[in-house]
Amino acid sequence: MLRALCLALAVTLLGGCKSFSLFSSEDNPSVSYGDDADANLRKGDEALDSHNYAEAQKYYDFVRSKYPYLDAARTAELKLADVDFERDHFLEARDRYQSFIKLHPTHPKVDYAAFRVAMTFYKDIPSDYFFLPPAEEKDQANVRGANLALADFVRSYPDSSYKADADKYLKQIRIRLAEHELYVAHFYARRDKWPAVVARLSTVASQYGGLGFDEEVYFGLYDAYLKLNDGDRAKNALRALVEKAPDTKGAQRAKAMLGPNG
């Protein structure tokens, strides 16, 4: 009787082994490979489009290892980076794209890989980064990385079909960086930390000019320098505004503040 119970228990446990598997079927899907590289690339693309990322990864890995000397293997390398990107695994995707650029610098899609490198930084920026006070400025790596990578892409691939998008994202991130610096400048101004205000506004003036913040920056510098009893630099801030934006209402106001001998 005891032997029969033990046997029944063993059968039950064996039957339930699937529930104790280390990997779910979604992590390790069963796939049916095609007859050639292109067929497997198509299967991978279909899986990727359907957000079946583990399945797509299997097809692309198969192409890369099974057909290493075909162009399809290079395509598979790039697609594996796309899989990581679509999964929001941006660090892994960046490594794959950068490796692709290094190994295949003359590949027709090297500009795509470079653009996606920049986008891995952009997509990984914390959504609340630009509105945090200075005490919370902990990790600027992705913000600075996106700015540098996008600027480098625009310089390196001026004829790329992705340049228009890169220009758009670069302007967007530069505006957000400028807004962040202005936010921090106001933060310091409320605490009467005028040297810090000058430092932040000067950063906007030197690095983010022409984005629509000139009046706020130079009038802010004027006020900050007056708080520091530095009248000469205060006037220089007004002169800089007149020089950089001569046809604006702000420039007319600055001229009036400077007076006839300004």
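Quick note: the coordinates plus some simple rules give every number you see, no bench work behind them. As the structure is a prediction and not an experimental result, all values here were calculated from the model. Glycine also receives a Cβ, built like all others from the backbone with ideal geometry; neighbour counts cover every protein chain displayed.
Which of rounded, prolate or oblate describes the range 192-262 when judged by the alpha-carbon gyration tensor and an a/c cut-off of 1.5?
It comes out oblate by the Cα gyration axes.
For the range 43-61, list residues with backbone N below 20 Å from a point placed 7 Å from the Cα of Asp88 toward its Cβ?
Only 48-57 pass the distance filter.
Assuming R0 = 45 Å, what is the FRET efficiency of Asp223 and Ser99, from their Cβ-Cβ distance, to the nearest 0.05? Write down the numbers at each step before the final one.
Numbers: r = 50 Å, r/R0 = 1.11.
The calculated FRET efficiency here is 0.35.
Quick one: check the C-alpha center-to-center distance for the range 152-214 versus the range 64-130, whole angstrom.
About 27 Å separates the Cα centre of the range 152-214 from the one of the range 64-130.
Where a Cα-Cα gap under 22 Å defines reach, which lysines qualify for Lys171, not counting those fewer than 8 residues away within the same chain?
Partners found: Lys123, Lys163, Lys244.
With each pseudo-label sitting 7 Å past Cα toward Cβ, what's the Ser32-Ala199 distance in nm, one decimal?
If labels sit at Ser32 and Ala199, their model points lie 6.5 nm apart.
Using 0.36 nm per residue of separation minus the Cα-Cα distance, give me the extension gain between Gln252 and Ser206 in nm, one decimal. It would help to have the intermediate numbers written out before the result.
Numbers: separation 46, 0.36 × 46 = 16.56 nm, distance 2.19 nm.
Contour length minus the Cα-Cα distance gives 14.4 nm.
So if each residue of separation counts as 0.36 nm, and I subtract the Cα-Cα distance between Leu70 and Asp45, what length gain in nm does that give? Numbers along the way, then the final one.
Details: separation 25, 0.36 × 25 = 9.00 nm, distance 1.76 nm.
Separation in residues times 0.36 nm, less the Cα-Cα distance, equals 7.2 nm.
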